[in-house]
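Chemist: Pasting a structure here, questions to come.
The values are calculated or read from the model by the stated rules, or taken from the named source; none is laboratory data. Note that the coordinates shown come from a computational prediction; the quantities given were computed from them, not determined experimentally. Cβ sites come from the backbone with ideal geometry, for glycine too, and all protein chains shown count toward neighbours. Just so you know, the surface numbers come from the protein's heavy atoms only, side chains and all, with ligands and any DNA or RNA stripped out. Shrake-Rupley method; radii C 1.70, N 1.55, O 1.52, S 1.80 Å.
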Amino acid sequence: MTDPATKPAAHWRLARPTLGHTTLNLIIASYIMAVLNTGFWARVVDALPDSRLQQGLMGVAFWALTILFLELLGPWRLQKPVAAVLLIIAASAQYYERTFGVLIDRDMVRNIFETTVTESRHLMTGGALAQIALTGVLPALLIFWPKVRRPKVWHLIWRWPLGITVSLALLIGALGVDYKAFSAVLRERHDLSSAYQPGASVVAAVRFAREEWGGPDPIARPLGRDAHPGQALAGAKQPVLLVVFVGETARAQNFGLDGYERDTTPGLRARNVINFSDASSCGTSTAVSLPCMFSRLPQADYSRSAFLAEENLLDVLDHAGFAVEWFDNNTGDQRIATRTGWQRVDAALNPDACSVECTDEVFLPLIQDRLDTITQNTVLVLHMIGSHGPAYHLRVAPERALFQPACETAQFSDCTPEQIVNAYDNTILETDFVLSQAIDMMAASDRVLPAMLYMSDHGESLGENGLYLHAAPRFMAPAVQTRVPFVMWLDDDFAAALAMDETCLADAANQSVSQDNFFHSVLGLLDITTAARSESLNLTYDCRTRPVQS
């Protein structure tokens, strides 16, 4: 017999509780609504300020919707893995909504899929990982701790539909108590449902997947196959070089030429540029604004599928006999240059501009090379990294970061509002430097007829009303995310050869314009004649001093 004194001590163990399938879903849904939907609750209170009962019923309705998601997507043994994924999604969305004011929609999902590894690293800061781990990953792991009483697999025939039906009935019942008021709120306040997690993220992901992988891409319809040089372009004695700088995240409110209190554009101010001071973007993210900008479609008619179904500005330029080149220091061409080709830039092009990441100074040797070797009319598109956040400090050469103290991290919570704005304004200074250097290089060349366009894809929020960065849904986007800089520079020889009246263009710059004008104005500026060009959107239409060939 074993001596009791020598008997091994029993290990203390916490017994795993046993829960029913429905009970676990109720607990998970309650946690999601209570902890991971603070933005949603703030909007409910704002939308229904006079009735606690209505606020409570709206909360019950969305709590029932959360249960519906869990029941619908997680039957039987799928319950725990599905719930864990939904928790992590909700926690991630909650972090970015609370930190930057970002709401998840289809275009935001597209941004996530199309961003670079470098950009993703800037957003996944230590603070982000810690908060998502605490509110999402840890609760997701805890889901696997309790045992769950599972019905027999054949019971799913009635158990699964029953859970879906009951949760749906609760949702309808809660909204039905005051359907008139709730339907009006949900119809008018799209931001309310856009803030609900994980529902908004799941729906956005499904919409993105359906758009991206729901079928083969349409074959692009020909556009501008009739494009040919007008009288002025055909008579030019030297090749034309148009450099198009596509800006990133530059907002007009911080652009010196547009009336900002700081002179963030001293170089451009000294170089006789034509500044369009009231320009707006098609969208609030690169994935929307950039294709829209190069498309013939106006913002009101733009969609991803419609863009892919028709050739764009680069194709029309190609049809007109131009060499078309796209070089990228950002997230890629967004399928604009599918038929004409594009390349990324890296340190091999300009090592001095690429200490950590490449600033847009990397483009300058490329421009000089084209000035030295050009033999035909050319459009050179340079997609900048510009003012892309949150790592604003990496967009600027340190010696040109004049506004101090500046935020030196992607973790905004570690910086003051003043430091964030200083860091952002330094990126505008850097853009001004690059554009100014490019103008000087082109003006010094006697081999080409040079011109330059600069237009940002969208703007940026810097803490106004609790919003940071960009990609707010267009219907609720603040002006700082949709007003963008738009600048034109013409060399005197270009203006003379292509018969452009710069005084007329300066007058045209005083009107309100948008990215709807870009496609048609590039063709107009270059004197490319085509039925695809709409003169009502061509900002150069009244400014040619000689008649164009029809």
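Chemist: How large is the dipole of the chain about the Cα centre if only Lys and Arg carry +1 and Asp and Glu carry -1, each at its Cβ, rounded to the nearest 20 debye? Could the numbers behind the result be given before it?
Modeler: On the way: 42 positive and 58 negative charges, 759 e Å.
For this selection, approximately 3640 debye.
Chemist: Right, next: Provide the per-residue ³J(HN,Hα) series for segment 159-171, in order, calculated from phi with Karplus coefficients 6.51, -1.76, 1.60 and θ = phi - 60°, each as a whole number of Hz, with x at glycine and proline positions.
Modeler: 3J(HN,Hα) across segment 159-171, in whole Hz: 5, 5, x, 5, x, 5, 5, 5, 5, 5, 5, 5, 4.
Chemist: Using the charge dipole of the chain (Lys, Arg: +1 at Cβ; Asp, Glu: -1 at Cβ; taken about the Cα centre), state which of 462, 195, 172 has its Cα farthest towards the positive end.
Modeler: Going by the charge dipole, the pick is 172.
Chemist: Further question: Sticking with the crude label model, points 7 Å out along Cα→Cβ, report the distance from residue 545 to residue 447 in nm, one decimal please.
Modeler: 2.8 nm
Chemist: What ranking, highest mean first, results for peptides 85-96, 433-444, 244-255 when packing means the other Cβ atoms within 10 Å averaged over each residue?
Modeler: Details: 85-96: 23.0, 433-444: 19.3, 244-255: 25.1.
Sorting 85-96, 433-444, 244-255 by mean packing, highest first, produces 244-255, 85-96, 433-444.
Chemist: Can you give the % of DSSP beta bridges in the chain that are antiparallel, to the nearest 5?
Modeler: Here the antiparallel bridges make up roughly 35 percent for the chain.
Chemist: Another one. Tell me the net charge near residue 511. Cut-off is 12 Å between Cβ atoms, residue 511 excluded, with +1 for each Lys or Arg and -1 for each Asp or Glu.
Modeler: Working: positive: none; negative: 278, 507, 542.
Here the count lands on -3.
Chemist: May I ask you to give the solvent-accessible area per residue for the chain, in square angstrom, as obtained with a 1.4 angstrom probe?
Modeler: On a per-residue basis, 43 Å².
Chemist: Still on this structure, please answer the following. Mind listing the long-range amide H neighbours of residue 148? Cut-off is under 5 Å, sequence gap 5 or more, other chains count too, H placed in the peptide plane at 1.01 Å from N.
Modeler: Those lying under 5 Å, H to H, from residue 148 are 19.
Chemist: Take the chain, drop everything but the C-alpha atoms, weight them equally and run the Debye formula without solvent; then report log10 I(q)/I(0) at 0.07, 0.09 Å⁻¹ to two decimals.
Modeler: Result of the Debye calculation: -0.49, -0.75.
Chemist: Also, I was wondering about something else. Can you give me the % of accessible surface on the chain that is carbon or sulfur? Probe 1.4 Å, all protein chains present, nothing else counted.
Modeler: Carbon and sulfur atoms account for 58 percent of the accessible area of the chain.
Chemist: In µm²/s, what is D for segment 117-230 at 25 °C and 0.890 mPa s, where D = kT/(6 pi eta Rh) by Stokes-Einstein and Rh is the Kirkwood radius from Cα pairs? Before the final figure, lay out the partial values.
Modeler: On the way: Rh = 20.4 Å.
Estimated via Stokes-Einstein, D reaches 120 µm²/s.
Chemist: Can you check what the net charge comes to around residue 78, using other residues whose Cβ is under 15 Å from the Cβ of residue 78 (Lys, Arg +1; Asp, Glu -1)? The partial results should precede the final answer.
Modeler: Numbers: positive: 77, 80, 150, 159; negative: 71.
Charge balance near residue 78 sits at +3.
Chemist: Rounded to the nearest 10 Å², what accessible area does residue 228 show when all protein chains are kept and the probe is 1.4 Å?
Modeler: About 60 Å², ignoring ligands and nucleic acids.
Chemist: Using helices alone, I'd like the mean residue ellipticity at 222 nm for the chain: each DSSP H run of four-plus residues gives -39500 (n - 2.57), total over residue count, nearest 500.
Modeler: -13000 deg cm²/dmol
Chemist: Given H placed 1.01 Å from N in the peptide plane, which residues other than close sequence neighbours of residue 284 have an amide H under 5 Å from its amide H?
Modeler: For residue 284, whose amide H was placed from the backbone, the distant partners under 5 Å are 289.
Chemist: Which cross-chain or sequence-distant (5 or more) residues have an amide H under 5 Å from the amide H of residue 326, H modelled 1.01 Å from N in plane?
Modeler: Answer set, sorted by chain and number: 343, 381.
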